[in-house]
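Before any comments, here is the structure.
Laboratory data are not the source of any read-out in this text; all were calculated from the coordinates shown. Note that the structure is predicted; figures quoted are calculated from it, not measured. When we count neighbours, we look across all protein chains shown, and the Cβ atoms used for this are built from the backbone with ideal geometry, even at glycine.
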Amino acid sequence: MLTRYLNAVVAHDPKTLPFASNARFTEDTLEKKIGDGLWKTASGLGTFRQDMIDVRAGVAGTHVVMQENGMPILYQVRLRVIAGKISEIDTTVVRTREEGMIFRLEALKTASTAMNVTPDHSQRDTRDEMQRLALLYPAGLKVGSFVKVDAQFASDAYRLENGQLMAGPGCTFMPGCTNIKEQRLPTLSGIVARVAAIDEEQGIVWLRMSFGPGSLMGKEGTLMVWEMFKIYGGQIHAVEAFMKTAPLGTGFGWEYQQ
């Protein structure tokens, strides 16, 4: 269904998709008519795509690089599919560094190996445990320390934000960033996090977050973030985010799990 949706957007043709009668579409948290927004300007698909599927919730999500009028952009899609019909479409479009604060599309050629490891049965954590481990991440940002909340990162865990390596082995973004757990963090006391979906088979938790005041390095506003956490064996192995700046007070546009 994700593939059909992306292809329909590029073709500017929503009529090819099975929508529920009450289907609702948002782009950048604003409700729009299906067929508006990027539907009118998308011109192709790039080579980067990272999917996740929450079978229990009927949610399919993806982070992709697309083309808009021939220029590469970041695109996030969340679909809710019930009885073969799409009832919810939630999307974010990031076109520039000004919109994303970080914009390294040249680094997003293919989906990462680490995010696409399929854990064997013995490595899989329960749904509740996966959620608990993922939520330690915003809890750490809230107090300014992953150490204080004892976030469970693997020794080689890394974080990508809009294509930029921000933590983990090989990171050069700032001193100390090679260790994701011990790196220096801002204290984002106003952060709000919700669980958008959990892929139990692949071990991916997808959080929807607003980082709140202080997240734009001195500028007023907030980072609105879609963040995937690769979790198995009781540890976070990879963190990959698409994010976009927004005014303070911007809501998610949808209700998610608490």
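The angle between the Cα long axis of helix 127-143 and the main principal axis of the chain comes to about 70°, on a 0 to 90 degree scale. Residue 118 sits among other residues whose Cβ lies under 12 Å from its own Cβ, and their net charge, with Lys and Arg +1 and Asp and Glu -1, is -2.
The alpha carbon gyration tensor of the stretch 114-246 gives principal lengths a ≥ b ≥ c with a/c of 1.5 or higher and a/b greater than b/c, which makes the shape prolate.
With Cα atoms defining each centre, the stretch 5-48 and the stretch 187-217 are spaced 24 Å apart in the structure.
Positive end of the dipole of the stretch 92-244 (Cβ unit charges, origin at the Cα centre): among 165, 231, 151, the Cα lying farthest that way belongs to 165.
Could you give the angle, 0 to 90 degrees to the nearest 10, between helix 2-11's Cα long axis and the longest principal axis of the Cα atoms of the chain? For 2-11 against the chain, the angle is about 60 degrees. Each helix, a run of at least 4 DSSP H residues, gives -39500 (n - 2.57); summed and divided by the residues of the chain, these come to -3500 deg cm²/dmol at 222 nm. Dividing the mean sequence gap of close Cα pairs (under 8 Å, 6+ apart) by how many residues the chain holds gives a relative contact order of 17 percent.
Mind checking the log10 I(q)/I(0) for the stretch 2-95 at q = 0.15, 0.20, 0.21 Å⁻¹? Debye, one equal scatterer per Cα, no solvent, two decimals. Per q value, in the given order, log10 I(q)/I(0) is -0.52, -0.95, -1.06. Once you order the gyration tensor axes a ≥ b ≥ c over the Cα atoms, which shape class does the stretch 48-167 get: rounded for a/c under 1.5, otherwise prolate or oblate by comparing a/b with b/c? Since a/c reaches 1.5 but b/c is at least a/b, the shape of the stretch 48-167 is classed as oblate. Take each peptide in 92-98, 247-253, count the other Cβ atoms within 10 Å of every residue, and average; sorted highest first, the result is 92-98, 247-253.
In the set (i) 22.3; (ii) 17.1; (iii) 13.0, the label that goes with mean projected area of the Cα convex hull in nm² computed for this structure is (iii). Applying a threshold of 23 Å to the alpha-carbon distances of 32/142; 219/244; 85/230; 15/40 flags 32/142; 85/230 as lying beyond it. Here the gap between residue 31 and residue 178, fully extended at 0.36 nm per residue and compared with their Cα-Cα distance, gives a gain of 49.0 nm.
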